[in-house]
1. Starting from segment 204-263, pick out the GluC sites (Glu not before Pro) whose DSSP state is loop and whose Cβ has at most 16 other Cβ atoms within 10 Å.
2. Could you list Ser42, Ser117 so that the one with the fewest beta carbons within 10 Å of its beta carbon is first and the one with the most is last?
3. Evaluate the distance, in nm, between pseudo-label points positioned 7 Å from the Cα of Asp105 and of Ser328 along their respective Cα→Cβ axes.
4. When only C-alpha pairs under 8 Å and at least 6 residues apart count, what is the relative contact order of segment 54-174, in percent?
5. Put +1 on the Cβ of each Lys and Arg and -1 on the Cβ of each Asp and Glu in the chain; which of Tyr49, Ala209, Asn341 then has its Cα farthest toward the positive end of the dipole?
6. For every other residue with a beta carbon closer than 12 angstrom to the beta carbon of Glu193, add +1 if it is Lys or Arg and -1 if Asp or Glu, then tell me the sum.
7. Ser94: net charge of surrounding residues, Cβ under 10 Å, Lys/Arg +1, Asp/Glu -1, itself excluded?
8. Under 13 Å between alpha carbons, and skipping anything fewer than 8 positions from Lys61 in its own chain: which aspartates and glutamates qualify?
Amino acid sequence: MKMNHIFYFIFLVSSLLSCTIKVKESLKANQNNLVKYAKNFSLTIHENYICFELLNPETKKVEKKFALIKNDSIKIPEGLTPILIPIKSVIALSSTHIGMLSKLDACNLVKGISNHSYVHEPSVLESYNKGEIIEMGEENSIPVESIIRSKAELLMYSGFGKAFPHQEQLEKLGTICLANYDWKENHPLGKAEWIKVFGYLTGKENNAAIYFKIIEKDYLRLKKIASKLKSTPTLFSGNLVGDIWYSPAGESYNAILFKDAKGDYKYAHTKGTGSTENSFEQIFKDNVNTKYWFNPGVESKKELLKSQPKFKLFEAYKQNKIFSYTFSGNEFWERSAIEPNHVLSDLIRILHPELKLKNKLYFYRTLSK
């Protein structure tokens, strides 16, 4: 074989090997996508880092890419913002963030919250009362000085498709701003799956994976039980806000829960993942004989009648089948996103008393007089 042929042969083999390695690496990343239900983020495993992609809930396009690294000397591809893990401190501006951190025994990392009056977690309240946690206020008007004073490595906010105020300045000073779109997930297990993000951020990814598997298994078990039931009780949801009655749209988080609980939700046919808007007259026409009423926003029938005396004409009102989570509002908002199995359990227990389930209601209660 001539020398130039040998060089050509070596070049060809090395090129093929290089392509094969790249393909394998790409496949490995795809095969290790850790997300199953959530639509607003992705987590993929790479050799030296975890790629966390944040997806815009409206456009579904990548909003920002992060590289979760355990050593700040690791080289990462361009376009990825590095986050050194495990983080040692965080500002958690939503109650759902605190709920997920609590499941990982990581509330000791919290250095800032939005408002302590919305917090249920005892350890966070205790730290706040000791002056160890700063109350930041509303998300869009937090003083930069308060964030700097907290010395937090990470600031997690709800995000509305926009950068956090003063984000560039904060990140130059060492505080990474990270939007969390768990509240825009429609599937109950998709909301809960955000615990995987918290798991990698806190170095407790195995704990998060195990916890999510337990929740997933229980949720699907309950859904299967409900699917085999013969009855499909009618239900509606919401209350009047001014002259408008807001109800969950047919493709929304609550509508999916109602469906999985084998309930006949009156507006399951509507499009959208947000809310439907109706007049009281339309709601009355559609639901005067509907059996169950959920999420009226109050704790007593007396409060209901103050806003609209005609509520007493609803069959659900007459039969005392109105259910609310507002008795433990802070607890519900902290825990329901990470415990969708318990929300589903409540709905099934309420809608299908024929099952005679022994467990008590977790979040919901019947309205008092």
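1. Values: sites: Glu205, Glu216, Glu251; in loops: Glu251.
Loop-located and lightly packed - Glu251.
2. Fewest to most other Cβ atoms nearby, the residues stand as Ser117, Ser42.
3. In this crude spin-label approximation the distance works out to 2.2 nm.
4. Values: 155 pairs, mean separation 27.0, N = 121.
Contact order relative to length: 22 percent.
5. It is Asn341.
6. On the way: positive: Lys36, Lys39, Lys191, Lys196, Lys213; negative: Asp182, Glu185, Glu216.
The answer is +2.
7. On the way: positive: none; negative: Glu139, Asp182, Glu334.
Computed value for this residue: -3.
8. Reachable aspartates and glutamates: Glu53.
Where a number appears in this text, it was derived from the coordinates with a stated rule and is not lab data. Worth saying up front: this structure is predicted, and the values here are computed from it rather than measured. A quick note on method: Cβ atoms are made from the backbone with ideal geometry, for glycine too, and the neighbour counts reach across all protein chains shown.
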